[in-house]
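Notes follow once the structure below has been shown.
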């Protein structure tokens, strides 16, 4: 169900201390600019603040070309870089906690790409029951075609390092109102109700 195994995404979750939002973003912007000059063979594919849920949270999605060798090399380079290390140390004062996962993209989902406009993104994480990933993938591969008329499917992948059996689906909408309209439209299309009926029993935890 995975795509190119030499392309790996890292999803970073940063939980920020209330009242330090601006300082954190300034620090991370400097970190991104410094990273661009280091030849790390990684590319930022998305970043944003959470609007629904933990509202003191930021998410960052990095794409690595070259598999785990590239990730190992980037990790070593960043640890040995005094400027980067200084920014990381400075960032700690703004964080409550942080976590990450490495994901392999699903071949039946569209690739994560930059989009124009002030979009909102919904990232759904589901923990599947052991042994059901292929069955779930078969159902989703049939469903994605029906959800692409409005280009709302933004990407999907499964955890390779981190919490096992965890999958992520990324949806893109122009607004919350558009999200409501497009989700209601999906339910009116033949087959979507069957996909939901088949996939829900495969989920261990949301």
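The values are calculated or read from the model by the stated rules, or taken from the named source; none is laboratory data. It should be emphasised that the depicted structure is a prediction, and the values quoted were computed from it without experimental measurement. Note that each Cβ is placed from the backbone with ideal geometry, even for glycine, and that neighbours are counted across all protein chains shown.
Residue 188 - would you say it is free of Cβ contacts under 8 Å to residues at least 60 places away in the same chain and either surrounded by 12 or more Cβ atoms within 10 Å (Cβ to Cβ) or in contact with a helix residue (DSSP H, G or I) (Cβ under 9 Å, 6 or more places away or on another chain) (or both)?
Working: free of Cβ contacts under 8 Å to residues at least 60 places away in the same chain: yes; either surrounded by 12 or more Cβ atoms within 10 Å (Cβ to Cβ) or in contact with a helix residue (DSSP H, G or I) (Cβ under 9 Å, 6 or more places away or on another chain) (or both): no.
When the stated conditions are applied, residue 188 does not pass them.
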Among residues of the stretch 143-162, those that are at pLDDT 80 or above, out of contact with any helix residue (DSSP H, G or I) (no Cβ under 6 Å at 6 or more places or on another chain) and under 19 Å from residue 113 (Cα atoms), counted = 6
Report the residue count in the stretch 63-111 for those that are in contact with a helix residue (DSSP H, G or I) (Cβ under 9 Å, 6 or more places away or on another chain), closer than 30 Å to residue 152 by Cβ and free of Cβ contacts under 8 Å to residues at least 60 places away in the same chain.
-> 2
Would you please name the residue that is farthest from residue 127 (Cα to Cα), looking only at residues in the stretch 155-179 that are in contact with a strand residue (DSSP E or B) (Cβ under 9 Å, 6 or more places away or on another chain) and part of a helix (DSSP H, G or I)?
-> 178
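Does any residue of the stretch 33-41 turn out to be surrounded by 17 or more Cβ atoms within 10 Å (Cβ to Cβ), in a loop (DSSP other than H, G, I, E, B) and touching a helix residue (DSSP H, G or I) at 6+ places or on another chain (Cβ under 7 Å)?
Residues of the stretch 33-41 surrounded by 17 or more Cβ atoms within 10 Å (Cβ to Cβ): 35, 40.
Narrowing the set further to residues that are in a loop (DSSP other than H, G, I, E, B) leaves 40.
From the residues that got through so far, the ones that are touching a helix residue (DSSP H, G or I) at 6+ places or on another chain (Cβ under 7 Å) too are 40.
Taking every residue of the stretch 33-41 in turn, at least one turns out to be surrounded by 17 or more Cβ atoms within 10 Å (Cβ to Cβ), in a loop (DSSP other than H, G, I, E, B) and touching a helix residue (DSSP H, G or I) at 6+ places or on another chain (Cβ under 7 Å).
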Report, by residue number, each residue of the stretch 32-53 that is within 27 Å of residue 158 (Cβ to Cβ) and either over 16 Å from the mean Cα position of the chain (by Cα) or in the same structural domain as residue 120 (by TED's automatic domain parsing) (or both).
-> 32, 35, 40, 41
Do any strands (runs of 3 or more DSSP E) entirely within the stretch 44-142 hold 2 or more residues that are touching a strand residue (DSSP E or B) at 6+ places or on another chain (Cβ under 8 Å), exposed (fewer than 14 other Cβ atoms within 10 Å of the Cβ) and modelled with pLDDT of 95 or more, and if so, which?
-> 95-105
